[in-house]
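The values are calculated or read from the model by the stated rules, or taken from the named source; none is laboratory data. What you see is a predicted model; the values in this text were computed from it and never measured. So basically every Cβ, Gly included, is an ideal-geometry build from the backbone, and we count neighbours across all protein chains shown. To get the accessible areas, we keep the full protein, side chains included, count just its heavy atoms, and leave off ligands, DNA and RNA. Shrake-Rupley method; radii C 1.70, N 1.55, O 1.52, S 1.80 Å.
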Amino acid sequence: TVNGLGNKIDSFLQQTIRYRGEVIGDRVHATADVFLTNTAPARGLPDYVIGSFASPAPPRGTNRSTLFVYTAVPATAITVGGQPVPVDGTISGGWWLYSLVVELPPGGVARISLDLTGDLPPTRYGMRLEPGGSTVPAKMDVALVVDGRDVSYSGDLTQPMTLR
């Protein structure tokens, strides 16, 4: 995520990523759910923390972030809060890249879901997990079945890791 309001509110953004998928041979089908929670208060802190330099400014305590999702296979559907949004991806550094702007009021929660399906390069499967841009580590919950074998991770993502 990248803060879009020029303040310090990103220290109040909690991210939880749930990834469920199956890899059979060189084909993957998965769902990535990203939950963003804004724990910022609406008052009691200075403008440089919960205010905004945007014009027009959203209410104090509002978090406006751009979520970037990189994936090895394309998204076939994306929803925000259960509502479909256009699937508009691009290739960046060999990865599919999807970006969405999400605005959360104080205490607000958003669920962004991506359905991912496609062919992988014919190499040994590895899922690369990278920490995001937030000051608070993302919570990861990954459950995969790779050619009949369970691969999983659950916990805070504080450093890069690869699941095989």
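Just a few scattered comments:
- Count of residues meeting criterion [surrounded by 14 or more Cβ atoms within 10 Å (Cβ to Cβ), within 16 Å of Asn3 (Cα to Cα) and either out of contact with any strand residue (DSSP E or B) (no Cβ under 9 Å at 6 or more places or on another chain) or at pLDDT 95 or above (or both)] in segment 45-54: 3
- Looking across segment 55-65, not a single residue is open to solvent by 90 Å² or more (accessible area, probe 1.4 Å) and touching an Asp or Glu at 6+ places or on another chain (Cβ under 6 Å).
- The residues of segment 80-98 that are part of a strand (DSSP E or B) and either open to solvent by 40 Å² or more (accessible area, probe 1.4 Å) or among the charged types (D, E, K, R) (or both), listed by number, are Val80, Gln83, Pro84, Val85, Thr90, Ile91, Ser92, Trp95, Trp96.
- Qualifying residue in segment 99-112 (condition: surrounded by fewer than 11 Cβ atoms within 10 Å (Cβ to Cβ), in contact with a Phe, Trp or Tyr (Cβ under 9 Å, 6 or more places away or on another chain) and of a type outside the set (Lys, Arg)): no
- Filter pass, Ala42 being out of contact with any Asp or Glu (no Cβ under 8 Å at 6 or more places or on another chain), among the aliphatic types (A, V, I, L, M), over 20 Å from Lys139 (Cα atoms) and at pLDDT 95 or above: yes
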